[in-house]
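Below is one structure, written out as structure tokens, with a few remarks after it.
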Amino acid sequence: MTWSSEPAGYDFVALYAAARLVATGAAASVTDADALLAMEHATLPERTILLNDPNPPALALLMAPLGALPLATAYAIWAALGAVALAAAAYLLGSLADARQRLRLLPFAILAPPSLIALAEGQTTPFVLLAVAGSLRAPPFWSGALLGLAAFRPQLLPVFALVALFERRRAIGLVATSAAVALVSLATVGFAGMARYPDLLTRIATELRPGELGLAALVRRVVGGDDIVLNATLAVVLYALAAVAVLVRSRMFATRVIDASTWSILAAPHALLHDGVMAYPAVARAAITTRSTVLWVGSGIAVALIQQAGIPLAPLWLLALWWFSGRR
């Protein structure tokens with residue numbers, strides 16, 4: 001029902017266009033902004049402005065079977081897979097919460113604004129959240145490999161990489177997954193296509209939408225401008241701040257992953273409300289009593305709605321969640 005109201009406005013159109021380029025034999029054009037726009041327009045004529053797809057080309061190859069299907073059918077399948085991923089992630093993250101709070105958290109995990117927006121938009125964040133949740137229980141190598149899947153939301157990857165790279169077996173797993181994504185991307189679009197890929201990443205670093213969750217967007221709202229030097233400087237400073245916040249407070253892998261989930265949003269140069277699902281591990285960790293559960297769930301929903309209205313409270317809420325949930 002949500003999709004039928006304005007399909008041209010949802011992120012899935014960009015993912016589908018890239019997948020359709022692969023499915024129709026034009027894989028080398030996946031990183032070509034003009035080719036992406038042309039395919040988006042051919043799919044939905046009302047789409048006349050580029051909806052950027054900064055995901056690595058490997059995702060377009062994985063989604064190529066959906067690109068061979070009609071748009072509405074492909075969307076239904078992708079949304080169903082996203083819902084399954086979100087439910088599975090919620091199940092895995094339940095172990096972080098007090099056992100008596102898990103049933104209270106489940107409706108939040110499925111129905112909170114970030115979840116619904118991620119599913120409606122057809123975004124990759126439910127799958128990244130599932131990979132992060134799975135990393136908490138997996139053996140070291142596979143744990144690192146799962147964290148490496150954050151490459152499918154590339155602006156979130158640096159903080160998770162910091163966590164894995166301090167343990168040899170996890171580092172090997174993360175490097176293996178990241179290298180696999182890079183090699184599959186290269187095989188999909190070729191060297192010329194990969195040379196164009198940084199342009200798509202640069203575009204997202206300069207976007208400033210009302211729903212932006214990161215600290216970079218908050219700073220840019222204050223100082224103004226979309227200068228590339230400012231954006232690069234902010235990225236370096238915020239990723240360094242995230243490294244300190246994640247690595248100094250704890251030596252435990254699970255704690256660092258939870259902290260990295262929150263800081264991956266705060267440090268990202270571009271993070272929208274659907275990326276808010278990455279804060280769910282910290283919400284689960286904070287759910288130690290009914291009072292704390294209601295507090296964080298209730299305030300999280302309120303802040304998400306206020307953020308969408310254009311008042312940037314989410315970064316401050318995420319900082320508070322990271323600080324107070326980590327004091328357990």
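The values are calculated or read from the model by the stated rules, or taken from the named source; none is laboratory data. Just so we're clear, the structure is a prediction, and the values are computed from it rather than from any experiment. Glycine also receives a Cβ, built like all others from the backbone with ideal geometry; neighbour counts cover every protein chain displayed. For the accessible areas, the whole protein counts, side chains as well, though only heavy atoms, and no ligand, DNA or RNA atoms are used. Shrake-Rupley method; radii C 1.70, N 1.55, O 1.52, S 1.80 Å.
Conditions (1) part of a helix (DSSP H, G or I); (2) under 23 Å from Ala19 (Cα atoms); (3) open to solvent by 10 Å² or more (accessible area, probe 1.4 Å); (4) at pLDDT below 95, marked per residue:
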{"position": "Ile77", "(1), (2), (3), (4)": "yes, yes, yes, no"}
{"position": "Ala88", "(1), (2), (3), (4)": "yes, no, yes, no"}
{"position": "Gly94", "(1), (2), (3), (4)": "yes, no, yes, yes"}
{"position": "Arg100", "(1), (2), (3), (4)": "yes, no, yes, yes"}
{"position": "Leu105", "(1), (2), (3), (4)": "yes, no, yes, yes"}
{"position": "Ala120", "(1), (2), (3), (4)": "yes, yes, yes, yes"}
{"position": "Phe127", "(1), (2), (3), (4)": "yes, yes, yes, no"}
{"position": "Ala133", "(1), (2), (3), (4)": "yes, no, no, no"}
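Being over 21 Å from the mean Cα position of the chain (by Cα) and of a type in the set (A, V, I, L, M) is the filter here, so list the residues in region 9-32 that pass it.
Leu21, Val22, Ala23, Ala26, Ala27, Ala28, listed by residue number.
Let's see how each residue does on (1) in contact (Cβ under 8 Å) with a residue 40 or more places away in the chain; (2) within 23 Å of Arg209 (Cβ to Cβ):
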| site | (1), (2) |
| --- | --- |
| Leu15 | yes, yes |
| Ala19 | yes, no |
| Val30 | yes, no |
| Glu46 | no, yes |
| Ile49 | no, yes |
| Ala72 | yes, no |
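Of all residues in region 139-174, how many are free of Cβ contacts under 8 Å to residues at least 40 places away in the same chain and closer than 15 Å to Ile258 by Cβ?
Residues that pass the stated criteria total 2.
Quick test for you: out of Arg221, Arg169, pick the one residue that is open to solvent by 50 Å² or more (accessible area, probe 1.4 Å), of a type in the set (Lys, Arg) and over 22 Å from His274 (Cβ atoms). Reasoning before the result, please.
Numbers: Arg221 fails: over 22 Å from His274 (Cβ atoms).
None of the others qualify; the one that does is Arg169.
Is it true that Val237 is open to solvent by 10 Å² or more (accessible area, probe 1.4 Å), assigned to a helix (DSSP H, G or I) and within 29 Å of Gly326 (Cα to Cα)?
Considered against the rule, which asks whether it is open to solvent by 10 Å² or more (accessible area, probe 1.4 Å), assigned to a helix (DSSP H, G or I) and within 29 Å of Gly326 (Cα to Cα), Val237 comes out as yes.
In region 51-69, what count of residues is obtained for those that are more than 23 Å from the chain's Cα centre (by Cα) and either closer than 23 Å to Arg153 by Cβ or open to solvent by less than 40 Å² (accessible area, probe 1.4 Å) (or both)?
Kept after step one, since they are more than 23 Å from the chain's Cα centre (by Cα), are these residues of region 51-69: 68-69.
Still in the running and either closer than 23 Å to Arg153 by Cβ or open to solvent by less than 40 Å² (accessible area, probe 1.4 Å) (or both): none.
Residues in region 51-69 being more than 23 Å from the chain's Cα centre (by Cα) and either closer than 23 Å to Arg153 by Cβ or open to solvent by less than 40 Å² (accessible area, probe 1.4 Å) (or both): 0 in total.
I'd like the full set of residues that are open to solvent by less than 30 Å² (accessible area, probe 1.4 Å) and either in contact with an Asp or Glu (Cβ under 7 Å, 6 or more places away or on another chain) or modelled with pLDDT under 70 (or both), limited to region 201-218.
The answer is Ala205, Leu213.
Would region 145-165 turn up any residue that is modelled with pLDDT under 95 and not in a helix (DSSP H, G or I)?
yes
Being surrounded by fewer than 21 Cβ atoms within 10 Å (Cβ to Cβ) and either without any contact (Cβ under 8 Å) to a residue 24 or more places away in the chain or within 28 Å of Ala164 (Cα to Cα) (or both) is the filter here, so list the residues in region 182-196 that pass it.
Hits for region 182-196 are Ala182, Leu183, Val184, Leu186, Ala187, Phe191, Met194, Ala195.
So the check is Cβ under 7 Å with 6+ separation or different chains; which pairs have a first residue in region 115-126 that's of a type in the set (Asp, Glu) and a second one that's open to solvent by 20 Å² or more (accessible area, probe 1.4 Å)?
Glu121/Tyr10; Glu121/Asp11
Evaluate the following for Thr2: is it open to solvent by 60 Å² or more (accessible area, probe 1.4 Å) and either β-branched (Val, Ile, Thr) or touching a residue at least 12 places away in the same chain (Cβ under 8 Å) (or both)?
Against the criterion (open to solvent by 60 Å² or more (accessible area, probe 1.4 Å) and either β-branched (Val, Ile, Thr) or touching a residue at least 12 places away in the same chain (Cβ under 8 Å) (or both)), Thr2 qualifies.
For region 289-328: of the residues being outside any helix (DSSP H, G or I) and open to solvent by less than 70 Å² (accessible area, probe 1.4 Å), which is modelled with the highest pLDDT? Outline the logic, then answer.
Of all residues in region 289-328, those outside any helix (DSSP H, G or I) come to 289, 309-313, 326-328.
Filter once more, keeping what is open to solvent by less than 70 Å² (accessible area, probe 1.4 Å): 289, 310, 312-313, 326.
Numbers: Thr289: 93, Gly310: 81, Pro312: 86, Leu313: 90, Gly326: 74.
Checking each candidate, the answer is Thr289.
With Thr73, Thr31, Thr48, Thr24 as the choices, which residue is surrounded by fewer than 18 Cβ atoms within 10 Å (Cβ to Cβ), touching a Gly at 6+ places or on another chain (Cβ under 8 Å) and over 30 Å from Arg137 (Cβ atoms)? It would help to see each step written out before you state the result.
On the way: Thr73 fails: touching a Gly at 6+ places or on another chain (Cβ under 8 Å); Thr31 fails: surrounded by fewer than 18 Cβ atoms within 10 Å (Cβ to Cβ); Thr48 fails: touching a Gly at 6+ places or on another chain (Cβ under 8 Å).
Sole residue among the options that is surrounded by fewer than 18 Cβ atoms within 10 Å (Cβ to Cβ), touching a Gly at 6+ places or on another chain (Cβ under 8 Å) and over 30 Å from Arg137 (Cβ atoms): Thr24.
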